[in-house]
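All remarks here apply to the structure that follows.
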Amino acid sequence: MPLNKSILVVDDEFDIVNIIKHILQKQGFTTYAFTDPLLALEHLKTNSKSYGLVLVDVRMPAMNGFELVKRIKSMHPTIKILLMSAFEFNDLELSKALSSIKIDGYVQKPVSTKELINIIEKNLQN
């Protein structure tokens, strides 16, 4: 089965979204990036089957990453999700916020280009 190399990136920081988008596109990924989780969700509603993976920041003002992940998984339960944060991931916080929702991986910001690509490729192959 060929890899779906389309990735949706959602982070409220414009610079971070653009840097990640640029990095991923240079590596051959088709990348769409949003700073507004509500717009990302609307886009995903009509394009969810187009994506192999969604990279979501945890802390965003309009809608936090946990809520966004819940909504994404309700539309497309099998899509791969990576959570991204500059803060340490707390297992208790994650299990409370996401209960039975499966997260495929975590990206700790700042992340090197090589590490980000490795995490994404590993998840797309599984």
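The values are calculated or read from the model by the stated rules, or taken from the named source; none is laboratory data. The shown structure was predicted, so the numbers you read here are calculated from the model rather than taken from an experiment. All Cβ positions, glycine included, derive from the backbone under ideal geometry; neighbour counts span all protein chains shown. Side chains are part of the model used for accessible areas, which takes the heavy atoms of the whole protein and leaves out ligands, DNA and RNA. Shrake-Rupley method; radii C 1.70, N 1.55, O 1.52, S 1.80 Å.
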- Item | Among residues of segment 66-103, those that are among the acidic types (Asp, Glu) and modelled with pLDDT of 90 or more, counted | 1
- Query: Could you give every pair whose Cβ atoms fall below 6 Å, whose first residue belongs to segment 104-126 and is more than 20 Å from Arg59 (Cα to Cα), and whose second residue is buried (at least 16 other Cβ atoms within 10 Å of the Cβ) and basic (Lys, Arg), counting only separations of at least 6 or pairs across chains?
  - Reply: Asn123/Lys80
- If you check every pair at least six apart or on different chains, which have Cβ atoms under 6 Å apart with a residue in segment 43-60 that is farther than 16 Å from Glu121 by Cα first and a residue that is of a type outside the set (Asp, Glu) and open to solvent by 10 Å² or more (accessible area, probe 1.4 Å) second? Ser48/Met75; Ser48/His76; Ser50/Ser6
- The residue from Ser85, Ser112, Ser48 that alone is small (Gly, Ala, Ser) and touching a strand residue (DSSP E or B) at 6+ places or on another chain (Cβ under 8 Å) is Ser85
- helices (runs of 4 or more DSSP H) contained entirely in segment 21-126, each with at least 2 residues that are under 14 Å from Val10 (Cβ atoms) and open to solvent by less than 70 Å² (accessible area, probe 1.4 Å): 37-47, 65-75
